[in-house]
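Inspection log for the structure reproduced underneath, given as structure tokens.
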Amino acid sequence: MWDFFQTVRHRHSVRRYQSDVAIEPEALHGLLEMALAAPSAGDLQAYHLVVVRDAETRRKLADLAGEDFLTESPVNIVVCADPEVSARQFGQRGRDLFALQDATIAATYIQLAAVAEGLGSAWAGGFHEETVRSTLELGSHLRPVAILALGYPAEIPEPTPRRKLNDLVTYI
Ligand SMILES: Cc1cc2nc3c(=O)[nH]c(=O)nc-3n(C[C@H](O)[C@H](O)[C@H](O)COP(=O)(O)O)c2cc1C
């Protein structure tokens, strides 16, 4: 079992999948449980997770996001913010910011849990919310913010470069 630091270092966006190898329900359940373990503003968990296994729906999502890896991966998770859940406690800041933060942190936890489970993942973000919402028949209160591809990798991606700490960090 990798420690946390190894897990983080081994997470790379996987864009090629073994499409014929399913994710076991227990493994998928474990990833979803890890999303729930993520921090959230006021512990409200202002998000909703849509697990898409249906091939036709994954094809549609791949077209909407312009990313074929969503079809190749046997599972997509559409991570949605639920802004009004956060707005009830935090008003406009909850609606505009906290719900999006809750959702994206949950997505990140899923991606890290995937590594620990031996799975790969990739985030697709280039889609129109409205078309994804209507394709999945989501309630108008939900904002799809990320579509995650999940599956067993068919490639070992090269680590991508990172900006220097000095460019990104200020010590005071
Ligand atoms: C908000 C966000 C949107 C992203 N959208 C896409 C996308 O539409 N397509 C894609 O291939 N990767 C997408 N990615 C993945 C990034 O390209 C990737 O994380 C980055 O290049 C670093 O590579 P790594 O994940 O392998 O470390 C997205 C990541 C984030 C956080």
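The values are calculated or read from the model by the stated rules, or taken from the named source; none is laboratory data. This is a predicted model, so every value here is computed, not measured. Every residue, glycine among them, receives a Cβ derived from its backbone with ideal geometry; neighbour counts consider all protein chains shown.
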Subset of the range 43-79 [closer than 21 Å to THR108 by Cβ, within 13 Å of the ligand (Cβ to nearest atom) and not β-branched (Val, Ile, Thr)]: LEU61, ALA65, GLU67, PHE69, LEU70, SER73, ASN76
Subset of the range 33-54 [over 17 Å from the mean Cα position of the chain (by Cα) and among the charged types (D, E, K, R)]: ASP43, ASP54
Check on GLY151, in contact with a strand residue (DSSP E or B) (Cβ under 8 Å, 6 or more places away or on another chain), within 16 Å of the ligand (Cβ to nearest atom) and at pLDDT 95 or above: yes
Check on PHE90, within 11 Å of the ligand (Cβ to nearest atom) and in contact (Cβ under 8 Å) with a residue 24 or more places away in the chain: no
All helices (runs of 4 or more DSSP H) inside the range 75-172 with 3 or more residues being under 30 Å from GLU26 (Cα atoms) and of a type in the set (A, V, I, L, M): 99-116
Long-range neighbours under 6 Å by Cβ, at least six apart or interchain, first residue over 11 Å from VAL75 (Cβ atoms) and touching a residue at least 60 places away in the same chain (Cβ under 8 Å) within the range 39-57, second part of a helix (DSSP H, G or I) and among the aromatic types (Phe, Trp, Tyr): ALA41/PHE98
Any hit, the range 121-131, residues being surrounded by 23 or more Cβ atoms within 10 Å (Cβ to Cβ), away from the ligand (no atom under 11 Å from the Cβ) and touching a residue at least 12 places away in the same chain (Cβ under 8 Å): no
In the range 8-32, residue surrounded by the most Cβ atoms within 10 Å (Cβ to Cβ) [restricted to those that are under 17 Å from the mean Cα position of the chain (by Cα) and closer than 20 Å to PRO161 by Cβ]: VAL14
Per-region count, the range 86-128, residues under 24 Å from LEU44 (Cα atoms) and either of a type in the set (A, V, I, L, M) or at pLDDT below 95 (or both): 12
